[in-house]
Amino acid sequence: MSVKLSIVCASIVWFGLACGVAEIAPVVAAADKHPFNTDDYAALHRARAVAVSPDGKTILYQVLFDGTTGPVDKHDWHLIDVSGENARKLVLPEHFEPSGFTKDGNALYGIEPVAQVPQLAIVPLAEGSPTQILVLPSGVRSVTISPDGSRFAVLADPRKKDALAQVRTVVENDETSLYVVGANGASGGWWCPTLKDITDIAWSPDGSQIAVVTQWQKLGHHDLHSFVDVCSAAGARRLTEIPDATSGIAWTEGGQELVFASTSTPVLTPEHIWTVPVGGGPAVDRTPNLTGTAVTVVGDARGTVWVEMHKGVFSEVDTYRAGKLETAYRWPDGTVAGTPVSPALASAPSVLAFNVADVYHADNVAVARGTELHKITHEGDDTLANVNLGEAKVVRWTAKDGTKLEGIVTFPADYAAGKKYPFLVLPHGGPEANDEFRLDLFSRLISGMGYVVLQPQYRGSTGYGADFLVAIYQHFGDRAYSDVDSATDFAITQGWADPNRLAIFGWSAGGFMTSWTVTQTHRYKAAIEGAGITDWLSFIPTSDIWQVDYDARLQEKDATPMLQFSAVMHVDQVTTPLLILHGDADLRVPVLQGREYYVLLAERGKTVRMVTYPGSPHFPRLAEQRRDVFKEIQDWLTRYNP
């Protein structure tokens, strides 16, 4: 079970990033508009940039929407000129997932299922059948083209398929190794086969080597260690060991140094920029006084290192050069999601595509023109033209213990100053994550019911520096809880919230916060927890990814720390009506977390309802199930917090 980052789950964000034809949405009079609802959610299209062609003239992007039935994230593939003109839809094999352009730009490479096993394939942009160039027994997981376009680096499970996979599941760690093959499918082989837990790779500038990050497997280890190697056909050379998590890897200084995100704190989220010499030596933290969070890094084929930087509820793209981190691109009144997309070949021109978002538009694609970003797609504008979106803004306050906090407040469309409204506090998932200043569907759906919604960035959130992030360590149930509850105090003092109509809702880590909050206070009239942790003692070893940063002590030494913030130990204190929502197939927060809490509450006569979703993982992937989630939320709030 190789993992890349931490934690329970980041904030639930369904609208991806993609693009489409740049259309001007029709002007609709305010009186004819309606609050955002589930029909708008189902219809809303969003865009995501995927790749830039070798000649730098064309961007491949994905248009996504959830619809009303079947699997969510339905999608089409499109091309658009960097000017924003000539958008056209591609006709590709139904299940082909393109990763980028081939060297000549006339085809796309990516992953195509073969007998339900994902394999590497090439699909021509003109009419023609896909060319299958690689078949590995257990399929492939990702593919990256070399800077000269002559080879592919493939991450794949090196083991043979279990012949009895249809009748059993063997509980063991996943394996991910590196396979390198020519662009024509020839001369393939496993590079550095001793590396079996790879999380990140990056081609060297000359294409002769690959930087590789591996991490300790979850099963068999109590903490997380990372390793950086340089790998070639001749074997692996270990550069350094990092006793913490890492994210991303890139070559810099003309191929003499490797750069990645990591941390020296007990949390699982990389948050500083680190480097290590390719010739060997200790890894060095290059940003010891960073006030934001450097989430990950990526290098482009021209040697620029790009950094995804969280600064409060805004995300931007920075560059790292010669030991210095500098802001490169921001999106006005919004956020840049992730790192830029650029041509994968070293000989290609420098063209950058970004995914951008704000609180009044779906995610779309922008291109860099000089130092500014210009949006070239406008997916979702047609749907939102008929919607009356209330104001959303960033707010700041001070908690009782003096901690400076920030959040995003979303008002109902008909908000009138001086009037008190039903209020819902919405703590994000993660917990080592943040809410970004973008169109948040939970906030919009609930504010569409007439609520004021506040998303607090409690201690443990990214974007506020290492000390703020690590403050959650062993303090999820006191410091983070206090911060969330102070958001409600703030909303009341601002005159937004009716103190007699308060509610709380969160998913994953936000679900924990909800389940815990109702054991600590009776102020909320309704509570909803989705896939929340209720029993840390059983949760830490049963989740599918690392969780020990919340308390790295061993349970057999003393179970008290794990039980201290477990809601199941305080069920007798609950008076708030609680709705529990959970996926039956959730591996991140196993469904028994919700079941245990429900049973204990029900046998004590508490007002509680539990709804599970068959086959659903950490959040439902069927449109019908997601629509029911929203309906359950609406019905519960209507009944208990009218």
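The values are calculated or read from the model by the stated rules, or taken from the named source; none is laboratory data. These figures come from a predicted structure and were not determined experimentally. With ideal geometry, Cβ positions are generated from the backbone for all residues, glycine too; neighbour counts draw on all protein chains shown. The area values use the complete protein model at the heavy-atom level, side chains included, leaving out ligands, DNA and RNA. Shrake-Rupley method; radii C 1.70, N 1.55, O 1.52, S 1.80 Å.
Taking the stretch 523-562, which trypsin sites (Lys or Arg not before Pro) meet the DSSP loop condition and have no more than 14 other C-beta atoms within 10 Å?
For trypsin sites (Lys or Arg not before Pro) across the stretch 523-562 that sit outside H, G, I, E and B with at most 14 neighbouring Cβ atoms in 10 Å, the list reads 553, 557.
Which entry is the computed Rg/Rh (Cα atoms, Kirkwood Rh) for this structure: (1) 0.93; (2) 0.99; (3) 0.95?
Calculated Rg/Rh (Cα atoms, Kirkwood Rh): the matching label is (3).
Quick check: from the Cα gyration tensor, does the stretch 584-632 come out rounded (a/c under 1.5), prolate or oblate?
Verdict is oblate for the stretch 584-632.
When the helix-only estimate is applied to the chain (DSSP H runs of n ≥ 4, each -39,500 (n - 2.57), divided by the residue count), what is the mean residue ellipticity at 222 nm, nearest 500 deg cm²/dmol? Walk me through the numbers on the way to the answer.
Numbers: 10 runs with 88 residues, N = 642.
Per the formula, -4000 deg cm²/dmol.
I'm a student and want to see the number: the projected area of the Cα convex hull of the stretch 147-217, averaged over all directions, in nm².
Hull-based average projected area comes out at 5.8 nm².
Looking only at the stretch 242-277, which residues have a backbone nitrogen under 18 Å from a spot 7 Å from the Cα of residue 206 in the C-beta direction?
251-258, 277, by backbone N distance to the label point.
Lysines within cross-link reach of residue 606: Cα-Cα under 21 Å, excluding same-chain residues under 8 positions apart?
525
Angle between the Cα long axis of helix 623-640 and the longest principal axis of the chain, 0 to 90 degrees, nearest 10?
20
Once you sort the root eigenvalues of the Cα gyration tensor of the stretch 54-122 as a ≥ b ≥ c, which label holds: rounded (a/c under 1.5), prolate (a/b larger than b/c) or oblate (the other case)?
Oblate.
Consider all pairwise Cα distances in the stretch 286-433 and report the whole-number % of them above 22 Å.
So the pairs more than 22 Å apart make up 53 percent of the total in the stretch 286-433.
In whole Å, what three semi-axes, largest first, describe the equivalent ellipsoid of the stretch 203-345 built from its Cα gyration tensor (square root of 5 times each eigenvalue)?
In descending order, the three semi-axes are 24, 20, 13 Å.
Among rounded, prolate and oblate, which fits the stretch 124-248 when a ≥ b ≥ c are the square roots of the eigenvalues of its C-alpha gyration tensor, a/c under 1.5 means rounded, and a/b larger than b/c means prolate?
On the way: a/c = 2.22, a/b = 1.17, b/c = 1.89.
Oblate.
Angle check, please: helix 509-520 long axis (alpha carbons) against the longest principal axis of the chain (alpha carbons), in degrees 0 to 90, nearest 10.
20
Compute the convex hull volume of the Cα atoms of the stretch 396-524, divide it by the residue count, and report the result per residue in Å³ as a whole number. Don't jump to the answer; show the numbers that get you there.
Numbers: hull volume 12.5 nm³, N = 129.
Normalising the Cα hull of the stretch 396-524 by residue number yields 97 Å³.
In Å³ and rounded to a whole number, note down the convex hull volume per residue for the Cα atoms of the stretch 501-642.
95
Are any of the pairs 400/631; 196/324; 218/557; 74/631; 311/420; 161/196 more than 24 Å apart by Cα-Cα distance, and if so, which?
Violating the 24 Å limit, Cα to Cα: 400/631; 196/324; 311/420.
Could you pull the accessible area for residue 562 with a 1.4 Å probe, rounded to 10 Å²?
10
For the chain, what is the accessible area per residue in Å², given a 1.4 Å probe and the full set of protein chains? Before the final figure, lay out each step's value.
Values: 24810 Å² over 642 residues.
Accessible area per residue, the chain: 39 Å².
Fully extended, how many nm does the chain gain between residue 135 and residue 417 (0.36 nm per residue separation, minus their Cα-Cα distance)?
That pair, residue 135 and residue 417, stretches by 95.2 nm at full extension.
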